[in-house]
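Read through the structure below, which is laid out as structure tokens, and then see the notes.
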Amino acid sequence: MLQVKDLTKKFGHYPAVDRVNFTIRRGEIVGYLGPNGAGKSTTIKMLSGLLEPTEGEIFYNDKNIYDDLISYKGKLGYVPEESEIYPHLSGFEYLQMVGRLRGLEENIITEKAEQLLELFKLYGSMHFYISSYSKGMRQKILIIAALLHNPEILLLDEPLSGLDVATVLVFKEVLRKLAGVGKVILYSSHILEVVENLCDRVIIIHKGKILADDSVKNLKELSKKPSLEEVFSNLVLKEDTEKIADEMFKTIVG
């Protein structure tokens, strides 16, 4: 179980994340939604140990992660929002490096990396420099790196960015299977349709504060909205989006 209590991150006097509380249990896929600048990536960077909270605490299995941060990080698989990774390495060399940092044996690294590269349709490009990869190919490498050591916790920040339709379908099914064996999964995305179909629960954050934390079904019933997109718009986008779109259209076409 991953739990955050009063999690806060300030940059100067500005609270990017403001006293956030939630729990993710084993076997749950929890969607983390919000507009740009809401605090999603900042939250995930704190959960990954990359950013230290200004205030608040993070617990995994009832233990503060800062009691043994190295051990906690060893249980994490993290796909960051930006796919900027070492361009001078090949895809396979990058996975070798990640596997060694995770303490995996060389034969295990090679076996799992080659199998996953094959399944992600990258086997033929595994020895090419990452600098020659497309955005989607780099994203696949980041996903493989996050999964290579069979982590207990997956923190996914826009994981589908740049991926082709077939890979998206496969990856969503893999996430369901990983949840089925008890992984803790936090899934941050702007693609509301995917979140609605994939996630057991949704947390909506806006201006650093949580506005909602419930199942998609309950959120739709409580707000009397037919889709997660409309629930999100109702909670976050206070402006009349159709009116703004009309004004934009008139401006564009004259």
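What follows is calculated from the coordinates using simple rules that are stated; it is not laboratory data. Computed from a predicted model, the values in this text were never measured in an experiment. Ideal geometry is used to build each Cβ from the backbone, glycine not excepted, and the neighbour counts take in all protein chains shown.
Numerical summary
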| read-out | value |
| --- | --- |
| Selection within the stretch 37-65 - buried (at least 17 other Cβ atoms within 10 Å of the Cβ), of a type outside the set (Phe, Trp, Tyr) and more than 16 Å from the chain's Cα centre (by Cα) | Pro53, Gly56, Ile58, Ile65 |
| Breaking point among (1) under 30 Å from Phe11 (Cβ atoms); (2) in contact (Cβ under 8 Å) with a residue 24 or more places away in the chain, for Ile144 | (1) |
| Cβ pairs under 6 Å, 6+ apart, first in the stretch 1-30 and of a type in the set (Ser, Thr, Tyr), second part of a loop (DSSP other than H, G, I, E, B) | Thr8/Thr54 |
| The lone exception for Gly27 - which of (1) in contact with an Asp or Glu (Cβ under 9 Å, 6 or more places away or on another chain); (2) under 22 Å from Asp68 (Cα atoms); (3) in a loop (DSSP other than H, G, I, E, B) it fails | (2) |
| Extreme residue, surrounded by the fewest Cβ atoms within 10 Å (Cβ to Cβ), among residues of the stretch 113-129 that are among the aliphatic types (A, V, I, L, M) and touching a Leu at 6+ places or on another chain (Cβ under 6 Å) | Met126 |
| Test result for Leu95, of a type in the set (A, V, I, L, M), surrounded by 15 or more Cβ atoms within 10 Å (Cβ to Cβ), more than 20 Å from the chain's Cα centre (by Cα) and closer than 18 Å to Pro151 by Cα | no |
| Test: Lys225 is without any contact (Cβ under 8 Å) to a residue 12 or more places away in the chain and surrounded by fewer than 19 Cβ atoms within 10 Å (Cβ to Cβ) | yes |
| The stretch 216-239, subset outside any loop (DSSP other than H, G, I, E, B) and among the small types (Gly, Ala, Ser), residue farthest from the chain's Cα centre (by Cα) | Ser223 |
| Yes/no for Ser90 being in contact (Cβ under 8 Å) with a residue 60 or more places away in the chain and of a type outside the set (Val, Ile, Thr) | no |
| Which numbered condition Arg201 misses (of (1) farther than 24 Å from Asn21 by Cβ; (2) in contact with a Ser or Thr (Cβ under 8 Å, 6 or more places away or on another chain)) | (1) |
| Whichever residue in the stretch 170-215 is free of Cβ contacts under 8 Å to residues at least 60 places away in the same chain and in a strand (DSSP E or B) and, among such residues, is farthest from Lys9 (Cα to Cα) | Asp214 |
